[in-house]
1. Fully extended, how many nm does the chain gain between SER52 and SER412 (0.36 nm per residue separation, minus their Cα-Cα distance)?
2. Enumerate lysine pairs in segment 366-429 that are 8 or more residues apart or on different chains, then count those whose Cα atoms are under 20 Å apart.
3. Would you work out which of THR765, THR184, GLY677 lies farthest towards the positive end of the dipole of the chain? Charges go on Cβ: Lys and Arg +1, Asp and Glu -1.
4. Using Stokes-Einstein with the Kirkwood hydrodynamic radius over Cα pairs, what translational diffusion coefficient do you get for segment 538-688 at 4 °C and a viscosity of 1.567 mPa s, in µm²/s rounded to a whole number?
5. Quick check for you: with a 1.4 Å probe and neighbouring chains kept, what is the accessible area per residue of segment 419-464, in Å²?
6. With only alpha-carbon pairs counted, each pair once and no self-pairs, how large is the Kirkwood hydrodynamic radius of the chain in angstroms?
7. Determine which aspartates and glutamates satisfy two conditions relative to LYS251: a Cα distance under 16 Å, and not lying fewer than 8 residues away in the same chain.
8. At 222 nm, what value in deg cm²/dmol follows for the chain if DSSP H runs of at least 4 each add -39500 (n - 2.57) and the sum is divided by all its residues, to the nearest 500?
Amino acid sequence: MKYIFSFKDISEDVSAFCGGKGASLARLTKMGLPVPEGYVITAAAFHSGIISGALAELETLLSGLSDRYTYAVRSSALCEDGENASFAGAFETVTDVKREDIITAVKQVAASADSLRVKKYAESSGTDSGGIAVVIQRFVKPEFAGVVFTADPISGSAAVMRGNYVRGEGEALVSGEKNAEEFTFNAMKFSYTGNAEFERYAKTLYKYCEKIRNGYGRPMDIEWAVSGGKVYILQARPITSLKRLDRDSFKVNGSLSGEYLLSKTNVGEIFMRPVSPVTFSVLEIICDALGMPCFIDNVCGQPYANLSVICSLMVALGVKEESAFKMIRDIAGELPDGVTVPVFPFDRKNFRKRMRKLFLPGGKNKTTRKEKREFKEKMSEIADELMSEIRRLPDNKALSDFWKTKGAAFMSNTLNTIMKGANVFPLFTTKKRLSDICGEELANELCSGGAGTLDSMKPLLMLEDVISGDMSREEYIRLCGHRHVNEMELSAPYPYENPDFPQNIIDEHIKSGADIHKMRADRESRYNEAVQKFKEQYPRKAKWLDKTLHSFKEANRSREEVRSKGVKLFCIMREFLLRAGELNGIGDDIFMLYFPEAMELLKGDRSVLKHIPERRKSYEKNLSYPPFPNLIYGRFDPEKWLSDENRRRDFYSEKHSDCSLSADIKGFPGASGVVTGRVRVIFSSDCAEELLPGEILAAPATNIGWTVIFPRAAAIITDIGAPLSHAAIVAREFGIPAVVGCGNATTVLKTGDMVTVDGARGIVTVEKGTAD
């Protein structure tokens, strides 16, 4: 058995036995960073802190080392320098060691694994060191040595890197024997602030730190030294105070990993309950494939859009910081006064690499333009065929082979289709262009009712076709059976799985007495009148109007169609997971695994099952939480928020604690019209049937699963939303007044309150009537 490996020869399999420091030094070496050359004696060579199996191999190694250098012998415990604990300074380190003294130093370092200092650290951190490996590395005698944090370890801000150093060896910094010099790097656009004696090395160190941060994809704590006028990297570890995820237990809180602005707008409309571990992992895979890690972030299972990620990407691509948020305002919603989106240095190189891979795949995955066009047109049919195939697969190998070929290809093609999508530019510009010519009121009418039959409207409109006999139930199931309130949560059954579907919703719709086709016809009539009015007032712009409205209609239609077909990817993944659970005898527990673990299970690795009980416990706790605030700035502690009797559901920020809750209810104009009536506040679609005909629906957010109750609502008010959100689009096309993205509506309003909803102005006024 081989026990000793050079940094450059450590494989992924071997790295698991090299400890945190050894594995990281190997990774840094392979990244091309200036790491002093060295070796790792793996943990398998030690027993209870005593070297037992590698003395002969170590003596052979030492015989080949040069006497021209001295060496550093350092600990590399299996849990040292990891995400959970650093064990900084807990183990022994011996520096400036002569070649003939290395064996003694190795024994000294290994024996420190049983020291009182290590035991106390492990006890206080709740983490066992897990065995020890030892690093032997060429010693560089430093003129300067220090550390750099690529993000502020307290606030999480990555806009500035903070560091400090001492003259001489870095151990004096760790032990506190010497006072350190402090410095900072502006990470958005390099600049150095600190002692002039170090300035000549600053930019080189900054570039290395930038490469490490991007390579690891997380905030890092980096040890470095300057020796002989050259900058060396000695170690890099995650900043433990900025931990986002405990993978084993599925404890996740993205707000703790950096200074970000998290928003539920759009994402909160798609995911209206905490996601399961497997859904979380799929979202991580998708974000990684898009080159935007953590774009869909997560706080205790509740997904958020990380606005800092998208704005940082835009800044990296050349957009001015102050302009970035304005460009996504219609999707992301409004921000409280005085709040800006924190940005950080975005790895645009990785983003471009991922985009090239997605749009220009090579090898077996390469597709022609014709194939891409055919895939987009037949996506639903292809998905249905793949789901049928999954149900017939006989064993784990067949299921695994299916995903590696057909499943992964479908995912890649779907992401490609979604990213290319349609020309959505008209969605952002049409209303303003019209308003500049004819005023806001007529522009609102022109942007409502002319979009045709959007996919998000089909479950309602086609349901009436089934009732009238114009559509078969089988066709309705094929076209609408995948759309529901939790359609992208893999653990949630789809309507098509329910043998009572669609009869269960037909009965309810008949009882409501709503006539959706009439509502739609009335809205179209008003739209046609608006078109005629515009052409009469501006006859020279008649052709321009037709072209503009056609582009607007096409953008709406294509965006909704791609979204509906994209849901089929999740249908395929659910069928795949259900089959994996069935074949391996674990049933719904399959949803407590991460997707890569499910693939390992298919290969026969059942060790992944040991995490299921703890993850299920975390998942069930997540399900017990109420919806968290719509906007979160910086670090968020759910328990602290819950204990606050005056907690807010619209916005949370310790930095902006003076940002008061407005009693006014204002949002985006969702759909024009003025209605006065009584409010029904509903927080979950499970309680949607409480809405009585003629009441005004107030909800945190709505999605396609809520559409069936829209005809009962006199108006719609949401906390989350923007002009392009589900509630706004559907309300406009059905002629239901709506104000979306109010932020505070369900906080200020109570069921029974009398309000007036002005959809054109985006204002909700509380009248004198009181709650019943």
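1. On the way: separation 360, 0.36 × 360 = 129.60 nm, distance 4.92 nm.
Length gained, SER52 through SER412: 124.7 nm.
2. Qualifying lysine pairs in segment 366-429: 16.
3. Selected residue: THR184.
4. 60
5. Details: 1830 Å² over 46 residues.
I get 40 Å² per residue for segment 419-464.
6. Working: mean 1/r = 0.0343 Å⁻¹.
After inverting the pairwise mean of 1/r, the radius is 29.1 Å.
7. GLU83, GLU284, ASP297, GLU614, GLU620, ASP637, GLU639
8. On the way: 28 runs with 316 residues, N = 772.
After summing the helix terms and dividing by residue count, I get -12500 deg cm²/dmol.
The values are calculated or read from the model by the stated rules, or taken from the named source; none is laboratory data. Quick caveat, the model's predicted, so the values are computed rather than measured. All Cβ positions, even for glycine, are placed from backbone atoms using ideal geometry, and neighbour counts span all protein chains on display. Keep in mind that these areas ignore ligands, DNA and RNA; they rest on the heavy atoms of the full protein, side chains included. Shrake-Rupley method; radii C 1.70, N 1.55, O 1.52, S 1.80 Å.
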